[in-house]
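Nothing in this text is a laboratory measurement; each read-out follows from the coordinates by a stated rule. This one's a predicted model, so the numbers in the text were calculated from it and none came from an experiment. Cβ coordinates were reconstructed from backbone atoms using ideal geometry, including for glycine residues, and neighbour counts include every protein chain displayed.
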Amino acid sequence: MDIALTQISRDNVSRLSLDWSMAMHAGSNQPTPLVRDGVMFLTHPHNKIQAIEAATGELIWEYQYAFPRRKNARGTHPQYCTVAGPIISGDL
């Protein structure tokens with residue numbers, strides 16, 4: 001069922017269905033996806049970010065940053081730290 005969020009009501013909510021899903025990479029993660037212009041930006045553990053077509057779940061691109069082998073202020077390697085969400089600044 002393809003309806004806008006403003007069209008969801010008590011009368012039709014039972015007819016909603018899952019369009020797509022994806023597995024997250026293993027590791028500590030507290031993702032809050034960010035959606036802009038139909039593109040979902042999603043972070044994964046080990047410093048990976050993906051741009052996903054929000055309507056279909058199709059991967060547009062992904063990037064993984066390799067942190068230098070040093071410890072952060074908490075005494076753990078950054079690659080094992082919890083990943084927060086992305087931020088968008090300016091035009092895409």
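Structure above, values below:
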{"quantity": "In region 1-68, trypsin sites (Lys or Arg not before Pro) in a DSSP loop with at most 15 other beta-carbon atoms within 10 Å", "calculated": "Arg10"}
{"quantity": "Where labels lie 7 Å past Cα in the beta-carbon direction, separation of Val35 and Asp11 in nm", "calculated": "2.4 nm"}
{"quantity": "Simple spin-label estimate for Ala26 and Ser89 in nanometres, 7 Å along Cα-Cβ", "calculated": "3.6 nm"}
